[in-house]
Amino acid sequence: MPGKPRSDAKPFRSGRGGKPFRPRSVALIARARAAEGAVIYGWHPGVEALRNPKRRIRKLLTTENSAHRLAEEIGALPLEPEIVSPREINALLEPDAVHQGIYIEADHLEGPDLDALPDDAVTLVLDQITDPHNVGAIVRTAAAFGVSAIVTTARHSPAATGVLAKSASGGLEHVPFIVVRNLGDALQQLGARGFMRIGLDSEGEDDFDAVIPVRPVALVLGAEGKGLRQRTRSCCDVVARLDMPGAIKSLNVSNAAAVTLHALTRKLA
């Protein structure tokens, strides 16, 4: 059952235009909490996190309406929710964040080792894609196509929290991250295990339609603008391009991931 509304909530002062005032200290505290674990907000990300027995929930804030909806959809929750006002959740997040009455602080999920990937795996490898919206959209697509894991680096990549988690719309609970120190070394390790490593680049030598993939396979995606780094390219078995019939010849990286995964899974079927 949801808890009682808090009676000790502090009033919020209005800023310009009547918007709620967000003290600088609150934003700093929220960022510090995010650095220690995962911040998850929004209906679909929140529901999937609460349904995941592997996700350890530390804190659950909900509005009264969202608490009733969660009880109806999930039943018993892993943690008693603290009932708060929407403004209190707003104060913990960036402006314009759409939380839909759910805010969660949780542990990050542990990812498998590269050696633990199955022999028929389809994996994604992200080469310095830093935009959390793009990475979140890629995670959502990866969950839809049954991707085994996403390989990324500890540096030059967004953490699996906040905006990324919201953009993934629950996909974080279904596609594990494997965080490595050196992407080139990881690609070489995958190659030694028999993975076919397909780099995707608008300047690729081969048309993706002509590529014949085999399992296990790793699809390697580079950042928009920069594309794949030189060593990353050198560690791929094939570097392919998506040939577009229209006037624009390149796609946003998350859209390119969706188109390529659709084509790839059809080829592997």
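No value in this document is a laboratory result; all are computed from the given coordinates. What you see is a predicted model, and the numbers here were worked out from it, not measured in a lab. Cβ coordinates were reconstructed from backbone atoms using ideal geometry, including for glycine residues, and neighbour counts include every protein chain displayed.
Placing R0 at 30 angstrom, the Cβ-Cβ distance between H174 and V259 gives a FRET efficiency of 0.90 after rounding to 0.05. Between D120 and D185, the simple spin-label model (points 7 angstrom out along Cα→Cβ) gives 3.2 nm. By the count of other C-beta atoms within 10 Å, a proxy for reagent exposure, K59, K226 are ordered fewest to most as K226, K59.
Extension gain for the segment K267 to A154, taken as residue separation times 0.36 nm less the Cα-Cα distance, is 37.5 nm to one decimal. Computed from phi, the 3J(HN,Hα) profile of the range 259-266 under the Karplus parametrisation 6.51, -1.76, 1.60 (θ = phi - 60°) reads 4, 5, 5, 4, 5, 5, 5, 5 Hz, with x in place of Gly and Pro. The calculated 222 nm mean residue ellipticity attributable to helices in the chain amounts to -9500 deg cm²/dmol, summing -39500 (n - 2.57) over DSSP H runs of n ≥ 4 and dividing by all residues. When the convex hull of its Cα atoms is viewed from all sides, the chain shows a mean projected area of 16.6 nm². The residues packed around K54, meaning those with a beta-carbon under 9 Å from its beta-carbon, carry a net charge of 0 if Lys and Arg are +1 and Asp and Glu are -1.
Placing +1 on the Cβ of every Lys and Arg and -1 on the Cβ of every Asp and Glu, with nothing else charged, gives the range 155-269 a dipole about its Cα centre of roughly 380 debye. Three semi-axes describe the equivalent ellipsoid of the range 173-269; taken as square roots of 5 times the Cα gyration tensor eigenvalues and ordered largest first, they are 21, 16, 14 Å. Ranking F208, G37, G136 by how far each Cα lies toward the positive end of the dipole of the chain (charges on Cβ) leaves G37 at the top. The residues packed around L164, meaning those with a beta-carbon under 12 Å from its beta-carbon, carry a net charge of +1 if Lys and Arg are +1 and Asp and Glu are -1. In percent, rounded to a whole number, the relative contact order of the chain is 19, using alpha-carbon pairs under 8 Å and six or more apart.
Computed over Cα pairs, the Kirkwood radius of the range 100-160 leads via Stokes-Einstein (1.567 mPa s, 4 °C) to a diffusion coefficient of 98 µm² per second.
Each listed q (0.14, 0.17, 0.19 Å⁻¹) maps to a log10 I(q)/I(0) for the range 57-215, found by the Debye formula over equal Cα scatterers with no solvent: -0.81, -1.06, -1.23.
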